[in-house]
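Below: one structure, written as C-alpha cells.
The values are calculated or read from the model by the stated rules, or taken from the named source; none is laboratory data. For clarity, every value in this text was computed on a predicted model and none was experimentally measured. Please note: Cβ atoms are built from the backbone with ideal geometry, for glycine as well, and neighbour counts cover all protein chains shown. For accessibility, only protein heavy atoms count, side chains too; no ligands or nucleic acids. Shrake-Rupley method; radii C 1.70, N 1.55, O 1.52, S 1.80 Å.
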2 protein chains.
Amino acid sequence: MSTLAQSKADLERASTAQKVADMLRERVLLGELEPGLRLSEEAIGGALGVSRNTLREAFRLLTRDRILVHEHSRGVFVRRPTGDDVRDLYAARRVIEGGALRLWHTVGDAQREAVRAPVRQAVARAEKNDFSKTGSANIQFHRGIVGLAGSARLSDESDRLFAELMLAFRVAHEVEAFHQTYLPWNRKIVELLNNGTVEQAVQQLDEYFDAAEQDLVSRLVAD
Amino acid sequence: MSTLAQSKADLERASTAQKVADMLRERVLLGELEPGLRLSEEAIGGALGVSRNTLREAFRLLTRDRILVHEHSRGVFVRRPTGDDVRDLYAARRVIEGGALRLWHTVGDAQREAVRAPVRQAVARAEKNDFSKTGSANIQFHRGIVGLAGSARLSDESDRLFAELMLAFRVAHEVEAFHQTYLPWNRKIVELLNNGTVEQAVQQLDEYFDAAEQDLVSRLVAD
DNA sequence: ATTGTGGGATTGTTGAACGATTCTACGATA
DNA sequence: TATCGTAGAATCGTTCAACAATCCCACAAT
C-alpha cells in the first residue's frame, strides 16, 4: 500500500508553474530574495527560462501562500509583514495550537510522539553543542501540535502561517533568535503534557506566544 | 476617513480574472455548477468572452479556495467533497471555533454581538415563519465565533472551510437541512455564553459538530 | 472479457502583440 | 527653492495564435 502511494507521488509530475513556485518560495524563505523586493516578470521569467504566462501562474500560487503580494499594474513583491500582520499571525496561532493542544488526551501515541520527538532531539543536540538543525526542530514541534487536530487543511494553513512568520523574523533581522530561545519553553510544555496537566501546557504555550509576539513586534516598529 | 476607505475600494478595480473567479464561485455555491462537473477552458472562456490565459488565472484562484480541483492535463472540476473531506473539515472547525469560543471573556462587546445578533435575528424571523435568510444567519453565527479570535487570516480560512462544507451539503442533497436544524443548538450556545459558562458552550458546540458531521458523512457514503 | 492501438479533443506552455497603468525625469510656474 | 504638471519609458493586463504533450474514447485483436 505504501509502495502504491509512493509510485503515485512519482507519477504526479509537478507543472512548470508549480516547480517555479517551489523554487521561488525556497529562495524567499532562505532570505536570498528580501522582503519588499519587487519581482519583475520579464527579469525573473528570462532568468528562469519560462514564459510570462507560466510565471504569472507561479506568482498566483505564491500569492495564495502569502509569500508574495500582488499590486494591480505594479507587479508582485516579496511580502514584508508589519506589526499588525504579526499580531494577526499570533492571534491565529493561539487559537489553532491552543485548541489542538487541548485534544492531547484524545489522540494516539503516534500523534503525541510527533510533539515530543522534535523537542527530545533538539535537547540531545543542544547537549552536544550542535545547533545545526535547531530551527527546523522548533517548527516540527509546532507542526506536531497542530497535527493533534488531525486535519490536513489545518496543518496546511499552519504551514503557511509559519512561512509568513519566518518572513517577519527576517524583516526584524532576528532569524537566529527565532531558532534559539524557544527550547526551554518547548521542554516545559512537553513536561506539562506528560504530567497530564494539559490546561497548564496551554497556558505555557500562550505565555510563549505572548513573549514571542511582543519581542517581534517591538523589533518591527523600531525598523 | 470612511469616505477615503470607500473611494479606495472604488479605485481597487478587480482584475478580469478576479471578476471571472467571483462569478464562477457564485455559480458553484448556488448549485448551478454541480460538484464533479468538469469546466472546459474553451467552453467557459468562450461563453464569458475571456481568453484562456485569463480564465486559467481565475481557475487558480478558485483552486486555492478549494472550490475547484485541478488535475494535470485533465482540467479543472467542481470539487466533490468525500466523507474524509468532511471529517477533515469538522476536525478543523472543532479546533478553530472551540479555541475561539474560549476567548469569550477576553473580547469586547462588539465581537460578542457578532455572535449573538445572528441568532437573535434568526429567532425573530422564525417566530414570523420567515425562513428566507435562515441559511446565511447560521454562517454569520459561526463567522462571529471565529471572529472572536481577532485574526483576519483565520477568518478568511474559515470562510473557505464554510464554502467547502456547503459543497459537501450539496453533494449530500442536504442544503435545506444545513439551514434548518441548527437554530436550537445556536440558541443554547448563546445562552450558555451569556451565563458565563464558556466551557459548557464549547462542549455544546462540539456536540453540534459531532451530530452534523455524523449525519453528513452517512449521507455521503450512501451516495 | 481483456488488452493494444489508433485518431481526436483538451490541456500545458510559449511567444508576440497592444492597450492601460505606473514610474521617472525634466521643465514650468509661483 | 519647492511644488506641480507633463511627456516618455518601462511594466503590467489581456488577448491571440501556435504547437507539443497528454488524455479520452472507440475499435480491433487476442
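Could you grab the pairs with beta carbons closer than 7 Å, sequence gap of 6+ or different chains, first residue in the range B:194-223 and under 22 Å from residue A:99 (Cβ atoms), second one hydroxyl-bearing (Ser, Thr, Tyr) and open to solvent by less than 50 Å² (accessible area, probe 1.4 Å)?
Matching pairs, first to second residue: B:209/B:90; B:213/B:90.
Does at least one position in the range A:85-97 carry a residue that is at negative phi, within 13 Å of DNA strand C (Cβ to nearest atom) and aromatic (Phe, Trp, Tyr)?
No, because not a single residue in the range A:85-97 is at negative phi, within 13 Å of DNA strand C (Cβ to nearest atom) and aromatic (Phe, Trp, Tyr).
Given the options A:200, A:180, name the one that is assigned by TED's automatic domain parsing to the domain that holds residue A:87, open to solvent by 80 Å² or more (accessible area, probe 1.4 Å) and touching a Ser or Thr at 6+ places or on another chain (Cβ under 9 Å).
A:180
Read through the list (1) open to solvent by 30 Å² or more (accessible area, probe 1.4 Å); (2) in contact with a Gly (Cβ under 9 Å, 6 or more places away or on another chain); (3) of a type outside the set (A, V, I, L, M, F, W, C); (4) at pLDDT 95 or above, then give the number of the only condition that residue A:99 fails.
The one condition residue A:99 does not meet is (1).
If only one of A:73, A:132 is in a loop (DSSP other than H, G, I, E, B) and either within 14 Å of another protein chain (Cβ to nearest Cβ) or open to solvent by less than 30 Å² (accessible area, probe 1.4 Å) (or both), which one is it? Full working, then the answer.
Numbers: A:132 fails: either within 14 Å of another protein chain (Cβ to nearest Cβ) or open to solvent by less than 30 Å² (accessible area, probe 1.4 Å) (or both).
The match here is A:73.
Keeping to the range A:102-123, report how many residues are crowded, with 18+ Cβ neighbours inside 10 Å and either of a type in the set (Gly, Ala, Ser) or assigned to a loop (DSSP other than H, G, I, E, B) (or both).
Number of matching residues: 4.
Conditions: (1) more than 20 Å from the chain's Cα centre (by Cα); (2) more than 28 Å from residue B:106 (Cβ to Cβ); (3) not in a loop (DSSP other than H, G, I, E, B). Residue A:188 meets all but one. Number of the miss?
Only one criterion is unmet by residue A:188, namely (2).
Among what's in the range A:11-49 and is among the β-branched types (Val, Ile, Thr) and either within 19 Å of the chain's Cα centre (by Cα) or within 14 Å of chain B (Cβ to nearest Cβ) (or both), pick the residue that is nearest to DNA strand C (Cβ to nearest atom).
Per the stated criteria, the residue is A:16.
Do we find that residue A:212 is buried (at least 18 other Cβ atoms within 10 Å of the Cβ) and farther than 19 Å from residue A:89 by Cβ in this structure?
Values: buried (at least 18 other Cβ atoms within 10 Å of the Cβ): yes; farther than 19 Å from residue A:89 by Cβ: no.
The answer is no for residue A:212.
Can you pull out every residue in the range B:76-90 that is assigned to a helix (DSSP H, G or I) and under 15 Å from the mean Cα position of the chain (by Cα)? I'd like the intermediate steps shown before the answer.
First pass over the range B:76-90, keeping only residues assigned to a helix (DSSP H, G or I): B:83-90.
The answer is B:85, B:86, B:88, B:89, B:90.
Which residue pairs have Cβ atoms under 6 Å apart, sit 6 or more places apart or on different chains, and have a first residue in the range B:71-90 that is over 13 Å from residue B:41 (Cβ atoms) and a second that is more than 7 Å from DNA strand C (Cβ to nearest atom) and hydroxyl-bearing (Ser, Thr, Tyr)?
B:88/A:151
Which of the residues belonging to the range B:39-55 are open to solvent by 70 Å² or more (accessible area, probe 1.4 Å) and more than 9 Å from DNA strand D (Cβ to nearest atom)? Spell out the reasoning first.
First, pick out the residues of the range B:39-55 that are open to solvent by 70 Å² or more (accessible area, probe 1.4 Å): B:42, B:47, B:52-53.
If the condition is that a residue be open to solvent by 70 Å² or more (accessible area, probe 1.4 Å) and more than 9 Å from DNA strand D (Cβ to nearest atom), then B:42, B:47 are the ones that fit.
Among A:149, A:137, A:168, which is in a loop (DSSP other than H, G, I, E, B) and open to solvent by less than 20 Å² (accessible area, probe 1.4 Å)?
That would be A:149, the only listed residue that is in a loop (DSSP other than H, G, I, E, B) and open to solvent by less than 20 Å² (accessible area, probe 1.4 Å).
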